[in-house]
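Down below is the structure, laid out as structure tokens.
Please treat every number below as a calculation from the coordinates, not as lab data. All figures in this text were calculated on a predicted structure; none of them were measured in a lab. Glycine gets a Cβ as well: all are built from the backbone with ideal geometry, and neighbour counts include every protein chain shown.
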Amino acid sequence: MIKCRHCFKMTDLQLQKCTHCGVVLGYSVAEKFDLMAESVEHALKKELEARRKLKH
């Protein structure tokens, strides 16, 4: 999921158009890669925090 640059709502990265406003998402391959990397990093941090809480 990424934020649409036009309406700022979350939309699927795989789609070419925003599901909310219909604007064509013009992300380059490098930008998509960076967005996916940030998303994975965020998910891993959340998982690590959850596991640390379970240990204590």
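Calculate log10 I(q)/I(0) of the chain for q = 0.23 Å⁻¹, where I(q) comes from the Debye formula with a single equal point scatterer on each Cα and nothing for solvent. So the normalised log intensities are -0.85. What is the helix-to-structure angle for 29-55, meaning the angle in degrees between its Cα long axis and the longest Cα principal axis of the chain, kept from 0 to 90 and rounded to the nearest 10? That works out to roughly 20 degrees. Once C-alpha pairs closer than 8 Å and six or more residues apart are averaged by separation and normalised to the residue number of the chain, the relative contact order reads 19 percent.
Counting only lysines at least 8 places from Lys32 when in the same chain, those with an alpha carbon closer than 22 Å to its own are Lys3, Lys9, Lys17, Lys45, Lys46. In this label model, Ser28 and Lys55 are separated by 4.0 nm, measuring between points 7 Å along each Cα→Cβ vector.
Compute the FRET efficiency between Lys46 and Asp12 as 1/(1 + (r/R0)^6), taking r as their Cβ-Cβ distance and R0 = 30 Å, and round to the nearest 0.05. Rounded to the nearest 0.05, the efficiency is 0.90.
Each peptide among 1-8, 28-35, 47-54 gets the average number of other Cβ atoms lying within 10 Å of its residues, and from highest to lowest they stand as 1-8, 28-35, 47-54.
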